[in-house]
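Notes to accompany the following structure.
The values are calculated or read from the model by the stated rules, or taken from the named source; none is laboratory data. Worth saying up front: this structure is predicted, and the values here are computed from it rather than measured. Because the Cβ atoms are built from the backbone with ideal geometry, glycine has one as well, and the counts that use them run over all protein chains shown.
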Ligand code: GUN
């Protein structure tokens, strides 16, 4: 079997065309340009690349963005004060704090300082709790992007065995909740899981977000499975690879996302969708629903 490639770059481009039109509509009809504030703390090289991509993507669809940078040792109070200020800024509809934070920062305190109406990453406790019952304002961008890839490819989720490798707050846990919301049977594996292959081999849909190159080998994958590789790893020779042995697993899987060009572009796309959704909510909240109540492509609730 040679797997069908699930092209996140192309899907992202299609969704961004719709987002660009939505931004134009908001600007024309409500005189509101969606705005995103991005906060970057410290000198993590990978975080800088991700943040640069997000800022560029905003410009590409007409979202106004601002990058606020702090040194590693920025005092916690200064950071929280900056977030509180952004919470009050009517020109900024979304606030994103790039993770991971330098280790001495209290991630929870920082994330929970963000207004739930501006929490376009979906990391505030309110949105995390909302995921449990399928009633959040914003969905975390990476799992949201994975759902869009599956839906666009016509891959049903209901009743499927879904194995998720990696139990992070950013990807693995929200991914599991979204899959449960869609009536999948979910297993979540992590560093302490004994005999990983025992779980991966059961998966109709295998989602890997572990940050370990070549963690998933062909013999760990059921023939015909759908494989979603969320990993982004830079090898010593400079190559960018996922967590899955792509060439080997291609011969067993029915569908697979590549790295790069799979989940990554969709994460950024869903951030744009959430930001436009936040701006639309701002308009509705402050002026009443003067716009046509129209759902953004890419921002539908995951029910
Ligand atoms: N670090 C890795 N992924 C993400 C993400 O989706 N949002 C933020 N804020 N930080 C990240």
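Figures for the structure shown
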read-out: Candidates 132, 120, filtered to the one that is modelled with pLDDT of 95 or more, surrounded by 18 or more Cβ atoms within 10 Å (Cβ to Cβ) and in contact with a helix residue (DSSP H, G or I) (Cβ under 9 Å, 6 or more places away or on another chain); value: 120
read-out: Hits in segment 142-165 (condition: away from the ligand (no atom under 14 Å from the Cβ), without any contact (Cβ under 8 Å) to a residue 60 or more places away in the chain and within 18 Å of residue 273 (Cα to Cα)); value: 151
read-out: From 168, 139, residue being in a loop (DSSP other than H, G, I, E, B), crowded, with 23+ Cβ neighbours inside 10 Å and within 16 Å of the ligand (Cβ to nearest atom); value: 139
read-out: Residue pairs meeting the criteria (Cβ under 7 Å; at least 6 apart or on separate chains; first over 13 Å from residue 68 (Cβ atoms), in segment 90-114; second more than 15 Å from the ligand (Cβ to nearest atom) and assigned to a loop (DSSP other than H, G, I, E, B)); value: 93/34; 102/72
read-out: All positions within segment 197-214 that are assigned to a helix (DSSP H, G or I) and crowded, with 18+ Cβ neighbours inside 10 Å; value: 199, 200
read-out: Yes/no for residue 83 being within 16 Å of the ligand (Cβ to nearest atom), at pLDDT 95 or above and under 27 Å from residue 241 (Cβ atoms); value: no
read-out: Of residues in segment 115-134 being part of a loop (DSSP other than H, G, I, E, B) and under 18 Å from the mean Cα position of the chain (by Cα), the one nearest to residue 169 (Cα to Cα); value: 123
read-out: Count of segment 38-51 residues which are without any contact (Cβ under 8 Å) to a residue 60 or more places away in the chain and closer than 16 Å to residue 121 by Cα; value: 5
read-out: Single residue of segment 174-186 satisfying the filter (outside any loop (DSSP other than H, G, I, E, B) and crowded, with 18+ Cβ neighbours inside 10 Å) that is nearest to the ligand (Cβ to nearest atom); value: 174
read-out: Flag if residue 90 is more than 18 Å from the chain's Cα centre (by Cα) and modelled with pLDDT under 95; value: no
read-out: Selection within segment 87-100 - surrounded by fewer than 21 Cβ atoms within 10 Å (Cβ to Cβ) and within 16 Å of the ligand (Cβ to nearest atom); value: 98, 99, 100
read-out: Test result for residue 217, buried (at least 24 other Cβ atoms within 10 Å of the Cβ), out of contact with any strand residue (DSSP E or B) (no Cβ under 6 Å at 6 or more places or on another chain) and at pLDDT 95 or above; value: no
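Here is a yes/no grid of residues against (1) more than 22 Å from residue 117 (Cα to Cα); (2) at pLDDT 95 or above; (3) away from the ligand (no atom under 16 Å from the Cβ):
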residue: 5; (1), (2), (3): yes, yes, yes
residue: 34; (1), (2), (3): no, yes, yes
residue: 46; (1), (2), (3): yes, no, no
residue: 53; (1), (2), (3): yes, yes, no
residue: 58; (1), (2), (3): no, yes, no
